[in-house]
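The values are calculated or read from the model by the stated rules, or taken from the named source; none is laboratory data. These figures come from a predicted structure and were not determined experimentally. Cβ sites come from the backbone with ideal geometry, for glycine too, and all protein chains shown count toward neighbours. Please note that ligands, DNA and RNA were not included when accessible areas were found on the heavy atoms of the full protein model with its side chains. Shrake-Rupley method; radii C 1.70, N 1.55, O 1.52, S 1.80 Å.
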Amino acid sequence: MTAFSTETKFLPPTDAKSRITQFMREFQDSVCQGLEAVDGGGKFQEESWDRPEGGGGRSRVMKEGNIFEQGGVNFSEVWGDHLPPSILSQRPDAAGHRWFATGTSMVLHPRNPYIPTVHLNYRYFEAGPVWWFGGGLDLTPYYPFAEDASHLHNTLKGACDKHSPDLYPTFKLWCDEYFYLKHRNETRGVGGIFFDYQDGQGALYRGSDPKGPAAQYSDALGVPAPRSWEELFAISQDCAHSFLPAYVPIVERRRNTEYGEHQRNFQLYRRGRYVEFNLVYDRGTIFGLQTNGRTESILMSLPPLVRWEYGYKPEPNSPEAQLYDVFLKPQDWANWQG
């Protein structure tokens, strides 16, 4: 931690945990209400759970809706005395402190292959003097449309730009880096925004690739003025609240697109990439499993149906090939011109 950590302005307020927990609960409520409205038939079923070591949460799952084949929106608030390896490897300065974490996460798997899968997670962590905000949103289309990717990115950019024009470009590049399947050499989808370890000090980028595009962009910006807990909380809130305006118009635009067995099979095949990422790389999944969270809630992000096919290659010049050739490579979607 830098010298700023000793100044009151850069420590969490005394009511930080209660305020962020209340926001995460209310955010879960608003997301579920918005998704039920757009689905027009499916309802979220809630299960509350307790964690033996401390804390618990609310898991809400929709199955067999009009639009969403399966979707989950989770809230959790957990604490304990022993930090998992996934945290200590990134922030060894948190060792020896009692920790607290809360967040809301969501994954939606629509039935129609023309409606993209979407993932969201916003979270907050505290361990003694160590604290940070993290989160983001990314879109995983199967039969993608540039106008949809552009709409999502511009909506997220608008939320970030309320606070600084430097946030979206940094978080967008960070998202492209994070939601990347190294063993496949492809991005998970068309990205969005992602940030982590935001404690108001140092460079914006706090990722694991010091030579990547996100790090280079952040380094070129220099170190911004220190940001307070209140400022970072406001950024997280605005980014979180941009989800429904970013995603719902895409659902409405694609919900009546006709599809057949060919499109459905390709969707199920591409869902396999989602499974691979979540089980191999996803920090939330790893953190939940390492802290003895509720397994059903942690793995609700996985799709209800999925398939793998050995050696699959799309037909040249097909819509499936376009996904690989254009949309699974990072693009400047915010400035896309149709």
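Accessible area per residue (1.4 Å probe, heavy atoms of protein chains only) ranks Y197, Y310 as Y310, Y197, with the largest value leading. What base-10 log of the normalised intensity I(q)/I(0) is obtained for the chain from the Debye formula, alpha carbons as equal point scatterers, at q = 0.07, 0.15, 0.16 Å⁻¹? Taken in order of the listed q values, log10 I(q)/I(0) reads -0.28, -1.34, -1.53.
3J(HN,Hα) along the stretch 205-213: 7, 10, x, 9, 10, x, 10, x, x Hz, from the Karplus curve 6.51 cos²θ - 1.76 cosθ + 1.60 with θ = phi - 60°, whole Hz, x for Gly and Pro. Evaluated over the Cα positions of the stretch 207-295, the convex hull gives a direction-averaged projected area, one quarter of its surface, of 10.1 nm².
Accessible surface of M24, taken over heavy atoms with a 1.4 Å probe and every protein chain present, rounds to 0 Å².
Pairs of C-alpha atoms in the stretch 112-188 farther apart than 22 Å represent 34 percent of all such pairs.
For a straight C-alpha distance cut-off of 19 angstrom, the aspartates and glutamates reachable from K313 (same-chain residues fewer than eight places away being disregarded) are E186, E261, E276, D325.
Using a Gaussian network model of the chain with C-alpha springs under 10 Å, which one of H119, H183, H109 is most mobile by mean-square fluctuation? Between H119, H183, H109, it is H183 that shows the largest mean-square fluctuation. Distance between the 7 Å Cα→Cβ label points at R307 and L181: 1.6 nm. The heavy atoms of K17 present about 90 square angstrom of accessible area, all protein chains included, probe 1.4 Å. Scalar couplings 3J(HN,Hα) for the stretch 185-197, obtained by applying the Karplus form with A = 6.51, B = -1.76, C = 1.60 to θ = phi - 60°, are 6, 8, 6, 6, x, 9, x, x, 9, 8, 8, 7, 6 Hz; x denotes Gly and Pro.
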